[in-house]
Amino acid sequence: MKKIIITPNAPAPIGPYNQAVLSGNMLFISGQIALIPGTSDLNDADIAAETNQVMKNLEAILTEAGMNFGNIIKTTIFLSDMALFARVNEVYGSYFSSDYPARETVAVKGLPKNVNVEISMIASK
């Protein structure tokens, strides 16, 4: 049985997908970019601001599902350029206190709305 997770505190989907799907104890969060919830604006002043917005969007979805970053078991980070890795990693890491999740980071040719970072997550209750 699956439950769709949606919150106005994260950007509305811009395609045929949901913010997240809860299946049993597992939460699958769609890739989030630096869209400011309730707008079509990006928080992309610099890579730190962009990454912080992505993490805030993910946090809003986690909260709606009754979870937090401590529940994350796997993340995938997509970057427009691997040269951004160190700064994104620094901001991303600040959202975790210990027991870091498994993760991969890949550079891709392009991302939605020409952003520099997109992050998806899998969590477990």
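FYI, it's all coordinate maths here, none of it is from the lab. Only a predicted model underlies this, so the values are computations on that prediction, with no experimental measurement involved. Note that each Cβ is placed from the backbone with ideal geometry, even for glycine, and that neighbours are counted across all protein chains shown.
If I model a spin label as a point 7 Å beyond the Cα along the Cα-Cβ vector, how far apart are those points for Ser97 and Ser124 in nm?
It is 2.1 nm.
Taking the Cα centroid of the range 57-117 and of the range 1-41, what is the distance between the two, rounded to the nearest whole Å?
Cα centroid of the range 57-117 versus Cα centroid of the range 1-41: 14 Å apart.
Along the charge dipole of the chain, pointing to its positive end and built from +1/-1 on Cβ of Lys, Arg, Asp and Glu, which listed residue (Pro101, Asn71, Val21) has its Cα farthest out?
Towards the positive end, the residue furthest out is Val21.
Which whole-Hz couplings ³J(HN,Hα) result when phi for each residue of the range 46-59 is put into the Karplus expression 6.51 cos²θ - 1.76 cosθ + 1.60, θ = phi - 60°, listed in order with x for Gly and Pro?
In residue order, the calculated couplings are 7, 5, 5, 4, 4, 5, 4, 5, 4, 5, 5, 5, 5, 4 Hz.
Can you tell me, using C-alpha contacts under 8 Å and at least 6 residues apart, the relative contact order of the chain as a whole percent? Mind dumping the intermediate values first?
Values: 240 pairs, mean separation 38.2, N = 125.
Reported relative contact order: 31 percent.
Just the Cα atoms of the chain, one point each, no solvent: what log10 I(q)/I(0) does Debye give at q = 0.15, 0.21, 0.22, 0.23 Å⁻¹?
Once normalised to I(0) and log-transformed, intensities are -0.63, -1.27, -1.38, -1.49.
Using amide H atoms built in the peptide plane, which far-off residues or other-chain residues are under 5 Å from Ile73 H to H?
Residues meeting the criterion, in which the H sits 1.01 Å from N, are Ile122, Ala123, Ser124.
Would you mind putting 104-114, 45-55 in packing order, based on average other-beta-carbon counts within 10 Å, highest first?
On the way: 104-114: 11.1, 45-55: 18.8.
Answer by packing, highest mean first, reads 45-55, 104-114.
Given the DSSP H assignment, sum -39500 (n - 2.57) over each helix run of at least 4 residues in the chain and divide by its residue total; what's the result at 222 nm in deg cm²/dmol, nearest 500? Don't jump to the answer; show the numbers that get you there.
Values: 2 runs with 27 residues, N = 125.
About -7000 deg cm²/dmol.
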